[in-house]
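The values are calculated or read from the model by the stated rules, or taken from the named source; none is laboratory data. Please read all numbers here as calculations on a predicted model, not as lab measurements. Heads up, the Cβs are rebuilt from the backbone with ideal geometry, glycines too, and the neighbour counts pull from every protein chain shown.
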Amino acid sequence: MAGMDIGIDLGTTTIIIYMSGKGIVLEEPSVVAVNTITGKVLGVGEEAYKMLGRTPEYINAKRPLKDGVISDHEMTEIMIKDFIKKVCGTLMIKPRVTICVPSAITDVESRAVVEAAVSAGARKVYLIEEPIAAAIGAGIDISLPNGQMIVDIGGGTTDVAVISLSGIVKSKSIRVAGNHFDQAIIKYMSSTHKILIGEKMAEKIKREIGCVYNPDPDIKTIIKGRNLIKGLPEKIEISQEDIYPSLIAQASQILTSVRSVLDSTPPELVGDIYTNGIVLTGGGAMIKGLPELIKNEIKVNVVLADNPVECVAIGTGKSFDYIEDLQEGFTNASTYKH
Ligand SMILES: Nc1ncnc2c1ncn2[C@@H]1O[C@H](COP(=O)(O)OP(=O)(O)O)[C@@H](O)[C@H]1O
Ligand SMILES: [Mg+2]
C-alpha cells in the first residue's frame, strides 16, 4: 500500500485538509474553545465556532490564527493535532504532510507547526508558501519560466504574488481582506443608521448583497440589529448600492497592492501576466464584482479560481507532484532549519 499524503491549508478563518486519492476530507473554522479554569479544551473547529461570541466567562473561544499570524501557539498546535488525528485516525502508514502557512509567519512559529504535525503522527512534514499552493490549486504549472500573478484574499490578509520557475519573484501582503469588508458593513450600519449588528450578520449581508462593481439599487436585504439610541431590536432594508461605498473603500486597497506589485515586477514577467491574466483565490475573492473591478482598473484579464476557498488546500495536497521544489521535509522540529 502506497503511503498517504495530506495537505493542510492553515487558514486564519478556515482549516482545510486535502488527502491524496480522496480530495477535501475536512473543512472547519479555525477556532478553539478552552475552559479557562481547568485549561481543558472544550471543542475545536465547527464545535468551537458555535461558541464564538456566546460563551460564559470561564470559556474562551477564539481564533488562534489572527490577521495572518499565529497569535496563540499552544491553541494552534492543539488544532493541528486534533484535525490530523481526525482525518488520519485509521491509517496504517504514517502520512507525509505539507502545510501551507500564513505568509507573515515567523521561524519560531513555523517550527511549532512542524512540531505539532510530527507529534500528530506525520512521517515527514513540508512547508509551502501560500501563493505557490494557490497557484498549483488553480491548475497553473508553476515550474515554467512564465510569470503568473496570484491574488489570494482570505479572512485577515490579502497576498499578492508573482510566481515564475516555482518561486515567488515579488509579493506583498496587506491586512485588508474578507473580514475587513464585514467590519466596513458594521461601521456603515452604526454610523449611518445607528444600528448595531454582529460580525456574523455582517458577513451574511456581504455574501448576500455585497458588491464592488456596478451596484444595483434594486438588490436589497433585510438587516436585523439593535438600535443604538433606543436600545431596541430593529429591522431595516438596505440595498447593494447603500453598502457599496464602504466596500469599495476596502477593495481599493487591494487594487493598490496589485498595482504596486506589478510596478515592481520585471518587464518580461509583466508581459506574461498581461497574456496569462490574474488569478483570484481565497474566500474573500468571492465578493461580487471583484474580478470585474480589477479587470477594469488594471486592464488585465482576471479570473476567479474554480474553487476559491479550497484552492490553497488542493494545491498544498498536490504539491507532492513538485516535491523537489518544496523546502526540505522535516521529520521533527529539531531538524527544522531555514
Ligand atoms: N460567497 C462569499 N462571498 C463573499 N465572501 C465570502 C464568501 N465565502 C467566503 N467569503 C469570505 O472569505 C473569507 C475567508 O476566506 P478563506 O480563504 O477561507 O480565509 P483564510 O485563508 O483566512 O482561512 C471570509 O471573510 C468570508 O466571509
Ligand atoms: Mg487562505
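Here the condition is being touching a Cys at 6+ places or on another chain (Cβ under 7 Å), of a type outside the set (Lys, Arg) and away from ligand 2 (no atom under 16 Å from the Cβ); of 121, 147, 137, it holds for 121 alone. Every test in (1) among the acidic types (Asp, Glu); (2) at pLDDT 90 or above; (3) in a helix (DSSP H, G or I) is passed by residue 159 save one, and that test is (3).
Number of residues in segment 265-320 that are among the β-branched types (Val, Ile, Thr) and more than 16 Å from ligand 2 (Cβ to nearest atom): the value is 10. Could you tell me whether segment 98-109 includes any residue that is touching a His at 6+ places or on another chain (Cβ under 9 Å) and in contact (Cβ under 8 Å) with a residue 60 or more places away in the chain? Yes, the conditions are met somewhere in segment 98-109. From 191, 171, which residue is surrounded by fewer than 24 Cβ atoms within 10 Å (Cβ to Cβ) and without any contact (Cβ under 8 Å) to a residue 12 or more places away in the chain? Every option except 191 fails the conditions. Cβ-Cβ distances below 6 Å connect the following pairs, each with a first residue in segment 70-84 that is farther than 19 Å from residue 104 by Cβ, a second residue that is assigned to a helix (DSSP H, G or I), and a separation of six or more residues or different chains: 81/116. Of the residues making up segment 53-75, those that are touching a helix residue (DSSP H, G or I) at 6+ places or on another chain (Cβ under 7 Å), over 12 Å from residue 41 (Cα atoms) and modelled with pLDDT of 85 or more number 2.
Is there a residue in segment 192-212 that is modelled with pLDDT under 95, away from ligand 1 (no atom under 16 Å from the Cβ) and at positive phi? Within segment 192-212, none of the residues are modelled with pLDDT under 95, away from ligand 1 (no atom under 16 Å from the Cβ) and at positive phi. Just to be sure, is residue 148 crowded, with 23+ Cβ neighbours inside 10 Å and either in the same structural domain as residue 242 (by TED's automatic domain parsing) or in contact with a strand residue (DSSP E or B) (Cβ under 6 Å, 6 or more places away or on another chain) (or both)? For residue 148, the condition - crowded, with 23+ Cβ neighbours inside 10 Å and either in the same structural domain as residue 242 (by TED's automatic domain parsing) or in contact with a strand residue (DSSP E or B) (Cβ under 6 Å, 6 or more places away or on another chain) (or both) - is met. Highlighted here are the strands (runs of 3 or more DSSP E) found entirely within segment 21-130 that include at least 2 residues which are surrounded by fewer than 20 Cβ atoms within 10 Å (Cβ to Cβ): 23-29, 41-44, 59-62.
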